[in-house]
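Undergrad: The structure follows.
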């Protein structure tokens with residue numbers, strides 16, 4: 001399994017990968033620092049899942065979701081954000097994201113992620 | 001609980017609600033009894049959201065939880081939440097309340113305390129104060145109008161012109177001309193038709209002047225049948241003559257008074273700044289003198 | 001502070017501020033757009049130097065601040081400051097009134113102060129609560145006080161109590177297409193800032209292991 005973690009914070013990238021590794025130690029992880037990079041990396045890495053932050057410089061997560069799904073309609077995107085407003089959640093879900101998970105990511109939230117990945 | 005403390009809580013001039021950890025009411029002070037008409041016996045032991053339905057919202061549940069678990073205090077303003085506790089008379093205008101939610105711990109028991117402050121009068125007071133300020137601003141504006149405008153014709157008055165002249169003179173950089181206009185034959189109108197009709201004629205003349213006046217021009221009434229026209233940025237002899245012609249043109253149409261056509265003429269004198277004088281009084285008296293010379297020629 | 005430390009703190013604060021924005025949006029029934037936050041650790045003397053371009057007009061202008069003191073072991077004060085011009089806009093927004101810019105002279109009433117107090121309370125609660133769990137200690141603090149500072153006064157009160165460090169957070173949020181800029185300043189005692197940095201380093205070490 002290949003996982004792309006998109007976040008402008010290195011710290012957040014690391015925490016996300018570390019937490020995911022606890023259930024998927026064999027997955028291949030790649031990172032991108034903003035929406036623009038995300039689209040570039042996606043094209044060559046072709047991940048099975050994308051974990052996407054929203055509030056990022058250059059290109060926001062919202063914009064990246066729209067652009068990704070335009071090119072790759074089957075892309076599976078899970079949003080990981082600290083912006084927990086209901087309106088934000090609705091917005092990204094209607095844009096086509098698979099799920100919305102509140103930051104910070106922790107072991108308790110892994111169950112939810114596991115279910116999502118199993119489909 | 002100690003009777004004295006209970007007595008103190010009941011003397012307070014704001015509402016105090018004490019909730020246990022399950023958010024059931026344990027204390028409901030006298031202020032609230034008077035305010036809501038609900039006695040303490042009626043509400044004791046009931047969940048707060050039953051007694052105060054407006055608190056049955058996710059955000060308040062969150063605040064209660066934060067208070068109990070993290071001892072976090074929450075302040076809710078009337079501006080954002082309007083009110084929480086219903087008044088006895090529901091027909092009255094909705095109140096405005098601030099509340100403060102905080103945690104209290106006695107020995108090993110946690111409580112939530114909600115303080116309710118009725119700030120309705122507060123807001124009314126501010127509104128009234130604003131109204132009062134507005135009316136006194138309006139009053140001082142009307143006073144200002146009274147000081148600077150002629151009450152008969154509503155044209156600027158002598159004081160207005162003198163102030164304007166002084167300001168222009170201070171600026172120095174600006175040129176301007178001052179026309180002194182005296183109506184000929186006005187006294188005869190007064191004598192023949194009476195003062196009321198004379199006043200009417202002045203008002204009609206003033207109306208024509210107002211239509212005539214453009215930016216950087218001031219038409220004012222000094223008193224009686226004396227008027228002045230102040231024109232900025234203009235002092236050439238040619239332009240002065242043009243303005244004089246324009247003023248005469250204003251009087252060409254006869255005025256209709258009691259179905260009589262009355263034709264009035266004017267004598268006009270002019271003074272220019274800075275060549276004819278460097279103070280407002282000098283300029284006015286030069287223009288007046290020039291007008292007088294004109295009149296004498298007739 | 002190193003970039004890693006800054007990055008960690010920024011991410012943590014992101015979560016705290018996100019929580020506050022969520023509460024605010026529920027109260028106002030409006031979507032709030034957050035910007036990417038900025039975070040800086042500065043000495044107090046650096047606050048006034050020319051580098052702080054965004055900050056200077058705010059700090060030296062007329063501001064309303066809500067401020068609270070916290071803690072014994074981990075101690076300091078936190079301020080949430082707003083340029084005063086924005087308050088009237090915010091109050092109008094909360095009351096559902098039309099905002100008019102006609103009032104050239106700013107005058108504030110209790111209603112305005114209450115709005116600032118509540119917003120300050122929400123934001124500082126989230127941040128202090130988050131700081132507390134980060135430090136694994138209970139930080140004691142009260143509902144913030146609202147003070148109106150005339151131009152230049154805020155800086156004076158900030159610097160009046162001896163030399164210490166300031167953690168600076170810019171948060172700007174959009175409500176109804178109008179940008180509202182708020183700045184959060186947390187002033188720490190010297191021991192507290194060391195404590196904070198140690199905590200952040202621990203987190204960073206845990207991750208690298």
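Undergrad: Using only helices, what value at 222 nm comes out for chain B when you add -39,500 (n - 2.57) per DSSP H run of length 4 or more and divide by the total residues, to the nearest 500 deg cm²/dmol?
TA: Theoretical 222 nm ellipticity from helices: -14500 deg cm²/dmol.
Undergrad: Next up: Cα centroids of region A:44-91 and region B:109-128: how far apart, whole angstrom?
TA: 44 Å
Undergrad: In nanometres, what is the gap between the two model label sites at residue B:38 and residue B:50, each 7 Å from Cα along Cα-to-Cβ?
TA: Roughly 1.0 nm, to one decimal.
Undergrad: Could you work out how far the C-alpha centroid of region B:207-259 sits from that of region B:79-100, in angstrom?
TA: Centre-to-centre distance over Cα atoms comes out at 62 Å.
Undergrad: Hey, with R₀ at 35 Å, roughly what FRET efficiency would residue B:187 and residue B:215 work out to, going by the Cβ-Cβ distance, to 0.05?
TA: 0.55
Undergrad: Other chains near B:44-52: what is the mean number of their Cβ atoms within 10 Å of each residue's Cβ? Don't jump to the answer; show the numbers that get you there.
TA: Values: counts 0, 0, 0, 0, 0, 0, 0, 0, 0.
Per residue, the average neighbour count from other chains is 0.
Undergrad: Could you give the angle, 0 to 90 degrees to the nearest 10, between helix B:280-297's Cα long axis and the longest principal axis of the Cα atoms of chain B?
TA: Helix B:280-297 sits roughly 40 degrees off the main axis of chain B.
Undergrad: What do you get for Rg/Rh of chain B when both radii come from the Cα atoms and Rh is the Kirkwood radius? It would help to have the intermediate numbers written out before the result.
TA: Working: Rg = 37.5 Å, Rh = 25.9 Å.
Ratio value, two decimals: 1.45.
Undergrad: Oh, and also: Averaged over peptide C:111-118, how many Cβ atoms belonging to another chain are found within 10 Å of each residue's Cβ?
TA: 5
Undergrad: Shielding by partners for A:11-17, please: the mean number of other protein chain Cβ atoms within 10 Å of each residue's Cβ. Walk me through the numbers on the way to the answer.
TA: Details: counts 13, 7, 3, 8, 5, 0, 1.
For this peptide, the per-residue mean of nearby foreign Cβ atoms is 5.
Undergrad: May I ask you to derive the FRET efficiency for residue B:65 and residue B:139 from their Cβ-Cβ distance with R0 = 51 Å, giving the value to the nearest 0.05? Walk me through the intermediate numbers first.
TA: Values: r = 54 Å, r/R0 = 1.06.
After rounding, the FRET efficiency stands at 0.40.
Undergrad: Quick check: from the Cα gyration tensor, does region B:3-120 come out rounded (a/c under 1.5), prolate or oblate?
TA: Note, shape of region B:3-120 comes out oblate.
Undergrad: Measure nothing fancy, just the Cα-based angle from helix B:158-171's long axis to the longest principal axis of chain B, in degrees from 0 to 90, nearest 10.
TA: Taking Cα atoms only, the helix is inclined about 90 degrees.
Undergrad: What does the highest-first list of B:286-295, B:76-85 look like by mean Cβ count within 10 Å? Let's see the in-between values first.
TA: On the way: B:286-295: 17.3, B:76-85: 21.6.
Highest-to-lowest ranking by the protection proxy: B:76-85, B:286-295.
Undergrad: Still on this structure, please answer the following. Please give the helix B:120-148 orientation as an angle from the longest Cα principal axis of chain B, in degrees from 0 to 90, rounded to the nearest 10.
TA: Roughly 10 degrees, rounded to the nearest 10.
Undergrad: Springs between alpha-carbon atoms under 10 Å, Gaussian network over chain A: tell me which of A:12, A:60, A:22 tops the mean-square fluctuations.
TA: It is A:22.
Undergrad: Taking chain A as a Gaussian network, Cα atoms linked when under 10 Å apart, which of A:79, A:28, A:50 shows the biggest mean-square fluctuation?
TA: A:28
We did not get these values from a lab; they are worked out from the coordinates using the rules stated. Every value quoted in this text rests on a predicted model; they were computed, and no experiment measured them. We place every Cβ from the backbone using ideal geometry, glycine too, and count neighbours over all the protein chains shown.
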